[in-house]
Amino acid sequence: MEESKNTEIAIFAGGCFWCTEAFFTDIKGVTKVESGYIGGKTENPTYKEVCSGYTGHAEAIRITFDPAQVGYEDLLEIFFATHDPTTLNRQGADVGTQYRSEIFYTTNEQKAKAENFIKLLTDQKIFDKAIVTKVTAAPKWYPAEDYHQDYYANNPNQPYCQAVIAPKLAKLQKNYKSKLKS
């Protein structure tokens, strides 16, 4: 299959970027997933600064994807299926504004699709509690340090990866088999 020269960017914050990066790397049509920081006030933040909770940044991923192979709505579906969008500033044991659930749109079309998707989930009562995911215009993106990139792929036996990421990844692979690269 020939890859389209047209790509889009989707930016999601859904807790620890080690987890969210691992979920999207193997999706058909996704050509790149980068971990980084977004939505805060500190220029060129470091991981240590973001973890302090004082920068205002969220740990996030920037997904480059080919919309001819995977739709933005498909990415939204996976995003909402792989984290808890009803907990404010928390994902599991990770607590703080840096772990918030937020969609940073890069086009007005993405904004409309994200808002409509949240409305659909709410109307269908998919979650027991209200969705707290914010939908925000994407401000400046800051790539995370190199050792955070492809973290799960490079550290699959690390205890956090085994305890937190591996079970979620197995569930994703089972439930979204048709959306995965070979």
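Looking only at segment 95-133, how many residues end up being surrounded by 16 or more Cβ atoms within 10 Å (Cβ to Cβ) and in a strand (DSSP E or B)?
5
Looking only at segment 158-170, which residues are of a type outside the set (S, T, N, Q) and either free of Cβ contacts under 8 Å to residues at least 40 places away in the same chain or farther than 10 Å from F23 by Cβ (or both)?
P159, Y160, C161, A163, V164, A166, P167, A170, listed by residue number.
Here is a check on your reading of the model: is T86 β-branched (V, I, T), closer than 19 Å to D146 by Cα and surrounded by fewer than 17 Cβ atoms within 10 Å (Cβ to Cβ)?
Taking the combined requirement at face value, the residue does not satisfy it.
From the list G36, G56, pick out the single residue that is among the small types (G, A, S) and not in a strand (DSSP E or B).
None of the other options fit; the residue is G56.
Given the options A144, A137, A130, name the one that is of a type in the set (G, A, S), closer than 22 Å to F104 by Cα and in contact with a Ser or Thr (Cβ under 6 Å, 6 or more places away or on another chain).
Being of a type in the set (G, A, S), closer than 22 Å to F104 by Cα and in contact with a Ser or Thr (Cβ under 6 Å, 6 or more places away or on another chain) holds for just one of A144, A137, A130, which is A144.
Yes or no: D74 under 24 Å from E34 (Cβ atoms), surrounded by 15 or more Cβ atoms within 10 Å (Cβ to Cβ), out of contact with any Phe, Trp or Tyr (no Cβ under 7 Å at 6 or more places or on another chain) and of a type in the set (D, E, K, R)?
So D74 fits the description; yes.
Given (1) at pLDDT 95 or above; (2) not in a loop (DSSP other than H, G, I, E, B), identify the lone condition not met by N44.
Just one mismatch for N44, condition (2).
Any idea which of A81, A60 is in contact (Cβ under 8 Å) with a residue 12 or more places away in the chain and crowded, with 23+ Cβ neighbours inside 10 Å?
So the residue among A81, A60 that is in contact (Cβ under 8 Å) with a residue 12 or more places away in the chain and crowded, with 23+ Cβ neighbours inside 10 Å is A60.
So which residues in segment 134-164 are more than 19 Å from K32 (Cα to Cα) and in a helix (DSSP H, G or I), if there are any at all?
P159, Y160, C161, Q162, A163, V164
The values are calculated or read from the model by the stated rules, or taken from the named source; none is laboratory data. These numbers were taken from a predicted model, which means no experiment stands behind them. Ideal geometry is used to build each Cβ from the backbone, glycine not excepted, and the neighbour counts take in all protein chains shown.
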